[in-house]
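Bear in mind that the values in this text are calculations on the coordinates, not laboratory data. Given the structure is predicted, the values throughout are model-derived calculations rather than measurements. In this analysis, Cβ positions are derived from the backbone assuming ideal geometry, glycine residues included, and neighbour counts consider all displayed protein chains.
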Amino acid sequence: MSGARRRAASRGSGRYGSTDAVTEQKRAAVGVQPETETGTATAVSAEPEEGTYSFTAMEAKWPQVWEDLKVFIPVDDGSRERRYVLDMFPYPSGDLHMGHAEAFAMGDVVARYLRQKGFDVLHPIGWDSFGLPAENAAIKRNAHPSEWTYANIETQAASFKRYAISADWSRRLHTSDPGYYRWTQWLFKRFYERGLAYRKNSPVNWCPKDQTVLANEQVVNGACERCGTTVTKKSLNQWYFKITDYADRLLDDMEQPPRPLARARLGHAEELDRPVRGCARELCDRGRRRQARQGRHGLHHPPRHPVRGNLLRGGR
């Protein structure tokens, strides 16, 4: 008997009565016989001839059995300690590729391992389906962004099910659904009301053709990975969250010291004790703590920092 069905059969009573009785009914419905004395189970279905193996038949059969038995849906009755496994939501730009298979296999290993350890595991599935790429693709295809986006989601969903990852499909999310982004909007308002959301100009990677911002990873040899157009730098007014206000609290609350890169990312800005000659602008030291900055003899700033021109004109 597979581990998934064994766990499903071992669940306690729920709000629908005896789980064992319900499970046996489901088994009968999909042609799965009860557990035998040897701990194995047989299936009543149109299998290939004895001695042959058909991956296609196996692939088509078991996902439906798992769905009918709800083996990947948490019991959520407090009988077991809970664990939450969240994979990065894919962007629905087309069908899945081997990069998705590799990334989601690792999350699936963790989810399955925790279930085998006896935890009640929540492992949802979803799509990061908002963004300008969807609009650009829709313009290219002369279609509404939602048509292209949700068609790709259905294609990827079918591929995920063929991958047989142990996701809870009853908790399927799309970030472009109003029922989802209303909560991101609500959360942003809370940040803004508490002074933790602000705007400032900052340089970004800009694709003139797609008219969109690109991450560093999307710039290949100085060109947009999607269309090949030379990428430029553009100053845009953007929203930021003041997470660095909590840098000291995060550092103080950590049981284990973070790695150097993580510590640098937690750093917050503090004004220098003295102004810098030849510089009328406010200049900040990115040190985490005032004590840690004692004895410093230099200050680094990026080459495109607006203060650079003033310093150079002053001969410094």
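How high is the FRET efficiency between Val220 and His97 when r is their beta carbon distance and R₀ equals 25 Å, given to the nearest 0.05?
On the way: r = 17 Å, r/R0 = 0.67.
Result of the calculation: an efficiency of 0.90.
To the nearest 0.05, what FRET efficiency results for Arg199 and Leu250 with a Förster distance of 25 Å applied to their C-beta separation? Working shown, then result.
Details: r = 24 Å, r/R0 = 0.95.
Calculated transfer efficiency: 0.55.
Find the percent of Cα-Cα distances in region 100-181 that exceed 18 Å, and round it to a whole number. Show your work: numbers first, answer last.
Working: 1697 of 3321 pairs.
In whole percent, the share of Cα-Cα pairs in region 100-181 beyond 18 Å is 51.
With a simple spin-label model that places each label point 7 Å from the Cα along the Cα-to-Cβ direction, the separation between Tyr240 and Leu173 comes to 2.7 nm.
At R0 = 45 Å, how high is the FRET efficiency between Lys140 and Ser79 if r is their beta carbon distance? Nearest 0.05 is fine. Could the numbers behind the result be given before it?
On the way: r = 51 Å, r/R0 = 1.14.
The pair Lys140/Ser79 has a calculated efficiency of 0.30.
Averaging 1/r over every pair of different alpha carbons in region 103-247 and inverting the result gives a Kirkwood radius of 18.6 Å.
If the viscosity is 1.567 mPa s and the temperature 4 °C, what translational diffusion coefficient in µm²/s does Stokes-Einstein give for region 134-215 when Rh comes from Kirkwood over Cα pairs?
79
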